[in-house]
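Asker: Take this structure first; my questions come after.
The values are calculated or read from the model by the stated rules, or taken from the named source; none is laboratory data. It should be emphasised that the depicted structure is a prediction, and the values quoted were computed from it without experimental measurement. Glycine also receives a Cβ, built like all others from the backbone with ideal geometry; neighbour counts cover every protein chain displayed. The accessibility values were calculated without ligands, DNA or RNA, using every heavy atom of the protein model including side chains. Shrake-Rupley method; radii C 1.70, N 1.55, O 1.52, S 1.80 Å.
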2 protein chains.
Amino acid sequence: MHYFWVMSARMTFWFEFASTYSYLTVMRIEALARERCVEVEWKPFLLGPIFAAQGWTTSPFNLYPAKGAYMWRDIERRAAGYGIPFRPWSGKDGRKFPQNGLLAARTATAALRERWGKEFVRRVYSAQFANGLDISNPKVIGDCIKAAGGNEQMFLHLGHSNTHKQVLRENTDAAIATGVFGAPSFTIGPELFWGDDRLEDALNWALSRPA
Amino acid sequence: MHYFWVMSARMTFWFEFASTYSYLTVMRIEALARERCVEVEWKPFLLGPIFAAQGWTTSPFNLYPAKGAYMWRDIERRAAGYGIPFRPWSGKDGRKFPQNGLLAARTATAALRERWGKEFVRRVYSAQFANGLDISNPKVIGDCIKAAGGNEQMFLHLGHSNTHKQVLRENTDAAIATGVFGAPSFTIGPELFWGDDRLEDALNWALSRPA
């Protein structure tokens, strides 16, 4: 009798729908992971409870204006460098930041069990950051489900279900337990990487040190 | 009559002696700038007044423990990747973080007018982050001056002079006016880059868009 041990490189990708830097990663990660044959598990979570535990009532990019101004410019430069469409805003055009990504995140926990789940996630981020839409609007989320190839009514329903509220809560608890404090984050076992600018490092870590 | 217009690529490098990420940049920047023929002006400044204006009484890495734990590990990984010696600490061995870099910064404003100034800066960072020494100790700073090739007594004296206190204050005001909120930072005209992980981007920006 023979046993075959297949070691595969794996990584968990933690993202929050309101996060600008998560947008860059969502648009980049699939191609980079495929190149390296790293299997990536996508986990939506909420930054709100993490920020609240630090005494923040909104994004640090709002609390610290110099940091916020820098972030918008930095994302604009990096998106341009990657060829990712990006429409910056800063509240002046009436759109608020951060957006409420709760419905998107709950729907994603259901959608990511389907083949079209990642495409759904990309479409939600594009709706928000390339097209300037409000992702707390069920119509916007429904359009993203449909465009990705899912059943709009069924998945909007799942997005409101207690099961998926619970999955999202568990994701957030698991993120905190692993030391995650911002988005995007990447974990390979206990090893944590934070920020879109650590994406390549994290994938290379997963590849060279399979968990 | 002919006029010759020489365009040169230039960048300002803002650093704070207590900053761990500034250490990585200080050890890397000369070779990278030379490769690209970018002229870099080194400007020490103080993060203390910037943090205080945000209501912080210490480094955000102390205020937000998850972020702090991540930073120490991130620096350790990146220093190893660059082959830069690094001895992490976190207060457990009695050494405090952040260190008081006031004397180092004042002395640097004088030393950076000399040929050995950058070597002095590198030696101070190495004393702190590779050798675990206390850079608020005049003996440590004196040794760094001497090892870099300067006159220890003269420059320790200059480090205590009102002129160099004033230069450091002006650097800090100029940093704030340019939008600097952390260290290391890089500016090319109004364009700001923040973090050791933006060093290459900033140099490339300076090169492709001379100010």
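Asker: Inspect the stretch A:158-173 for any residue being of a type in the set (Gly, Ala, Ser), touching a His at 6+ places or on another chain (Cβ under 7 Å) and open to solvent by less than 20 Å² (accessible area, probe 1.4 Å) and give the result as yes or no. Explain how you work it out, then say what you get.
Answerer: In the first step, residues of the stretch A:158-173 are kept if they are of a type in the set (Gly, Ala, Ser); the result is A:159, A:161.
Cutting the leftovers down to touching a His at 6+ places or on another chain (Cβ under 7 Å) gives us none.
No, the stretch A:158-173 has no match at all.
Asker: Quick one: is residue B:204 within 12 Å of chain A (Cβ to nearest Cβ) and assigned to a helix (DSSP H, G or I)? Walk me through it before giving the result.
Answerer: Working: within 12 Å of chain A (Cβ to nearest Cβ): yes; assigned to a helix (DSSP H, G or I): yes.
Criteria met by residue B:204.
Asker: Quick check on my filter: what residues within the stretch B:161-174 are of a type outside the set (D, E, K, R) and in contact with a Lys or Arg (Cβ under 7 Å, 6 or more places away or on another chain)? Don't jump to the end; show me each part of the working.
Answerer: To start, the set of residues in the stretch B:161-174 that are of a type outside the set (D, E, K, R) comprises B:161-164, B:166-168, B:171-172, B:174.
Passing the criteria: B:164, B:168, B:171.
Asker: Hey, among the residues in the stretch A:160-182 that are of a type in the set (D, E, K, R) and over 21 Å from residue A:56 (Cα atoms), which one's farthest from the other protein chains (Cβ to nearest Cβ)? Break it down into steps so the answer makes sense when it comes.
Answerer: Of all residues in the stretch A:160-182, those of a type in the set (D, E, K, R) come to A:165, A:169-170, A:173.
Of the ones still in play, those that are also over 21 Å from residue A:56 (Cα atoms) are A:165, A:170.
On the way: A:165: 24, A:170: 19 Å.
Going through the qualifying residues, I end up with A:165.
Asker: Every residue in the stretch A:104-139 that is in a helix (DSSP H, G or I) and open to solvent by 20 Å² or more (accessible area, probe 1.4 Å), please. It would help to see each step written out before you state the result.
Answerer: Just the residues of the stretch A:104-139 that are in a helix (DSSP H, G or I), to begin with: A:104-111, A:117-129, A:138-139.
The answer is A:106, A:118, A:119, A:122, A:123, A:126, A:138, A:139.
Asker: Oh, and also: Being more than 10 Å from chain B (Cβ to nearest Cβ), part of a helix (DSSP H, G or I) and open to solvent by 40 Å² or more (accessible area, probe 1.4 Å) is the filter here, so list the residues in the stretch A:62-88 that pass it. Don't jump to the end; show me each part of the working.
Answerer: Filtering the stretch A:62-88 for residues more than 10 Å from chain B (Cβ to nearest Cβ) gives A:62, A:72, A:75-76, A:79-80, A:82-88.
This time we only want the ones that are part of a helix (DSSP H, G or I), so: A:62, A:72, A:75-76, A:79-80, A:82.
Within the stretch A:62-88, A:62, A:76, A:80, A:82 meet the criteria.
Asker: For the subset of the stretch B:157-186 comprising residues that are in contact with a strand residue (DSSP E or B) (Cβ under 8 Å, 6 or more places away or on another chain) and among the hydroxyl-bearing types (Ser, Thr, Tyr), which member is modelled with the lowest pLDDT? Give the steps one after another, and end with the answer.
Answerer: Of all residues in the stretch B:157-186, those in contact with a strand residue (DSSP E or B) (Cβ under 8 Å, 6 or more places away or on another chain) come to B:168, B:171, B:174-175, B:178-186.
After this cut, where a residue has to be among the hydroxyl-bearing types (Ser, Thr, Tyr) as well, the list is B:178, B:185.
Details: B:178: 95, B:185: 98.
Checking each candidate, the answer is B:178.
Asker: Kindly indicate whether residue A:152 is over 23 Å from residue A:59 (Cα atoms) and touching a Gly at 6+ places or on another chain (Cβ under 6 Å).
Answerer: On the way: over 23 Å from residue A:59 (Cα atoms): yes; touching a Gly at 6+ places or on another chain (Cβ under 6 Å): yes.
When the stated conditions are applied, residue A:152 passes them.
Asker: Among the residues of the stretch A:174-196 satisfying the criterion of being in contact (Cβ under 8 Å) with a residue 24 or more places away in the chain and in a helix (DSSP H, G or I), which is surrounded by the most Cβ atoms within 10 Å (Cβ to Cβ)?
Answerer: The extreme case among them is A:175.
Asker: Return a yes/no flag: does the stretch A:141-164 have any residue that is hydrophobic (A, V, I, L, M, F, W, C) and not in a helix (DSSP H, G or I). So that I can check it myself, show each step before the final result.
Answerer: So in the stretch A:141-164, the residues hydrophobic (A, V, I, L, M, F, W, C) come out as A:141, A:144-145, A:147-148, A:154-156, A:158.
Filter once more, so that each one left must be not in a helix (DSSP H, G or I): none.
No, the conditions are met nowhere in the stretch A:141-164.
Asker: Moving on to the next point. Yes or no: residue B:58 at pLDDT 95 or above and either within 20 Å of the chain's Cα centre (by Cα) or not hydrophobic (A, V, I, L, M, F, W, C) (or both)? Quick ask: steps written out before the conclusion?
Answerer: Details: at pLDDT 95 or above: no; either within 20 Å of the chain's Cα centre (by Cα) or not hydrophobic (A, V, I, L, M, F, W, C) (or both): yes.
Against the criterion (at pLDDT 95 or above and either within 20 Å of the chain's Cα centre (by Cα) or not hydrophobic (A, V, I, L, M, F, W, C) (or both)), residue B:58 does not qualify.
Asker: Right, next: Being assigned to a loop (DSSP other than H, G, I, E, B), without any contact (Cβ under 8 Å) to a residue 12 or more places away in the chain and closer than 13 Å to residue B:98 by Cβ is the filter here, so list the residues in the stretch B:47-61 that pass it.
Answerer: Hits for the stretch B:47-61 are B:56, B:57.
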